[in-house]
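All of the numbers you see were taken from the coordinates with simple rules; none came from a lab. Bear in mind the structure is a predicted one, so any value in this text is a computation, not a measurement. Here the Cβ positions follow ideal geometry from the backbone for every residue, glycine too, while neighbour counts run over all protein chains shown.
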Amino acid sequence: MKKYMLITALIALCTLTVCAQNKGAPDNTKTENQTQGENMKNILVAYFSYSGNTRSLAEQIANTLKADLYEIKPQIPYSSEDINWRNSSSRSTKEQNNSSSRPAILGKVTNFEQYNIVFLGYPIWFGQAPKIIYTFLESYDFSGKTIVPFCTSGSSPIGSSASNLHKLCPKNTTWLSGSRFANNTSRSAIVTWINKLGLNITTVE
């Protein structure tokens, strides 16, 4: 009987010790939703838009990913005459034909270093990205980050615009293939595109 009572007491003591240790230890177990939520904070959707088409697409992407959204705004806004591609003296024509042109940007991205993935959106101007996108890429350190370019246009493909932007980034930047979207692209099409990128990020349909 005494032996049985001794064994029972030892079991109880061990149980109390384990419980005390577990109570004081941090819980490192995270649900899938918690992990996904943390990952979402590391995604930025940055875009430049004049007509609003790229803005609409960028907003859909950010909503789909629950990502942060940043508009690349020129210090001097573009007027309708500025983007008149038929005018050889228009502002956009001169900028796009000048390889060293870098239009100034209004404001900065807050805590840029926190982002691991940057979706970069722009319209196609003269077959290329507007030069303000070049300014943006040269304004931050993209080392170790992943960039996903996307563009909007009436019919022009993304062409060499993305590869020319890629040259501005450090060698250790992961640059994914760019995609072109028409106006009024559906949410389902955006979700399908993101899921095919292989970034292991969750979309909200």
In region 180-193, residues that are surrounded by 17 or more Cβ atoms within 10 Å (Cβ to Cβ) and touching a helix residue (DSSP H, G or I) at 6+ places or on another chain (Cβ under 8 Å) total 4
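Say whether the condition of being assigned to a strand (DSSP E or B) and in contact (Cβ under 8 Å) with a residue 40 or more places away in the chain is met by at least one residue in region 193-205. Step through it out loud before you land on a result.
At the first step, the residues of region 193-205 found to be assigned to a strand (DSSP E or B) are none.
The answer is no; no qualifying residue exists.
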Residue count, region 175-192, condition under 16 Å from the mean Cα position of the chain (by Cα) and assigned to a loop (DSSP other than H, G, I, E, B), comes to 3
* **Residue within region 158-174 that is touching a strand residue (DSSP E or B) at 6+ places or on another chain (Cβ under 7 Å), assigned to a strand (DSSP E or B) and closer than 16 Å to residue 47 by Cα present** => no
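So that you can scan it fast, the table gives a plain yes or no per residue for (1) polar (S, T, N, Q); (2) surrounded by 15 or more Cβ atoms within 10 Å (Cβ to Cβ); (3) closer than 30 Å to residue 195 by Cβ:
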site: 59; (1), (2), (3): no, yes, yes
site: 94; (1), (2), (3): no, no, no
site: 97; (1), (2), (3): yes, no, no
site: 104; (1), (2), (3): no, no, no
site: 109; (1), (2), (3): no, yes, yes
site: 115; (1), (2), (3): no, yes, yes
site: 136; (1), (2), (3): no, yes, yes
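Checking the condition out of contact with any Pro (no Cβ under 8 Å at 6 or more places or on another chain), of a type in the set (Gly, Ala, Ser), free of Cβ contacts under 8 Å to residues at least 60 places away in the same chain and within 26 Å of residue 91 (Cα to Cα), which residue from 163, 186 passes? Reasoning before the result, please.
Values: 186 fails: within 26 Å of residue 91 (Cα to Cα).
Answer to the selection: 163.
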